[in-house]
């Protein structure tokens with residue numbers, strides 16, 4: 001589901017930004033995209049945002065780590081604060097969003113800077129439980145897990161990023177499943193009582209409960225762009241550090257995944273190019289028909 005979501009958003013970014021090309025100007029900025037689907041997605045979204053504001057940009061495959069900026073192969077490398085911090089300082093202990101960002105900035109090598117991180121755009125591990133489990137544990141946040149650490153029987157999809165320690169609770173090894181469907185089926189059946197997902201995963205069933213992380217027991221993973229100093233002008237820095245975000249309040253009419261009624265949650269990173277919400281007046285739809293036509297084509301494809 002995550003891979004389909006990323007691919008669908010890449011198609012959307014390509015369609016919307018296609019009309020911004022063809023202008024003569026300075027050489028294109030190289031925006032890095034790592035091997036993970038979410039890194040590819042971020043690379044294309046940042047490049048599309050730069051192109052929309054008049055800066056030519058191309059997406060370049062990288063390994064997604066901050067070191068690619070030292071080599072000069074890319075100018076901007078978007079990613080996640082916690083993962084960047086781990087790559088630069090494996091012994092770092094920060095968990096709260098702001099502290100993770102501060103430690104990341106302190107750990108950056110000379111010649112590399114960080115744009116602003118976005119609180120609403122994050123993708124960190126999250127634990128999902130059933131309502132009966134949340135009731136039995138006495139809460140719907142991660143402190144309930146900490147109080148019931150000995151009872152936890154976690155599971156995760158193969159290859160998922162998970163936390164082995166949550167506060168003072170060291171979790172047992174997670175039972176591995178091939179996909180989200182089998183993971184959540186095992187959760188409902190009682191084979192496990194906690195399922196690892198992420199805060200950006202749209203595939204979490206609505207009848208399950210995501211344990212909130214009110215006290216930052218799991219390290220923050222907020223979207224942030226890193227860029228090479230002295231290579232961008234002031235306008236480019238402003239545009240490259242305004243992060244695309246994800247929100248369930250804004251929904252593009254593009255379908256992906258198991259049902260044609262499943263919408264992709266996304267907030268496009270511009271004010272002038274707004275998503276069309278269901279119920280928009282016909283006149284507004286006509287004004288944006290140039291956007292809606294390729295989106296409708298993508299909708300029929302999915």
R0 of 45 Å, Cβ-Cβ distance residue 70-residue 206: FRET efficiency to nearest 0.05
0.50
With every atom except the alpha carbons ignored, what do you get for Rg and Dmax of the stretch 125-210, in angstroms?
11.5, 30
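Find the all-direction average of the projected area of the Cα convex hull for the stretch 22-88, expressing the result in square nanometres with one decimal place.
4.6
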FRET efficiency for residue 110 and residue 149, Cβ-Cβ distance as r, R0 = 41 Å, nearest 0.05?
0.45
Below 8 Å between Cα atoms, with a sequence gap of 6+, how large is the relative contact order for the stretch 125-210 in percent?
45
Sorted by mean Cβ packing within 10 Å, highest first, what order do the peptides 117-127, 90-100, 133-143 take?
117-127, 133-143, 90-100
So if R0 is 41 Å, what FRET efficiency would residue 131 and residue 230 give, r being the distance between their Cβ atoms, rounded to the nearest 0.05?
0.15
Mind checking the full-extension length gain between residue 181 and residue 161? Use 0.36 nm per residue of separation minus the Cα-Cα distance, one decimal, nm.
5.5 nm
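No value in this document is a laboratory result; all are computed from the given coordinates. Owing to the predicted nature of the structure, the values given are computational and were not obtained by experimental measurement. Every residue, glycine as well, gets a Cβ built from its backbone with ideal geometry; the counts of neighbours run over all protein chains shown.
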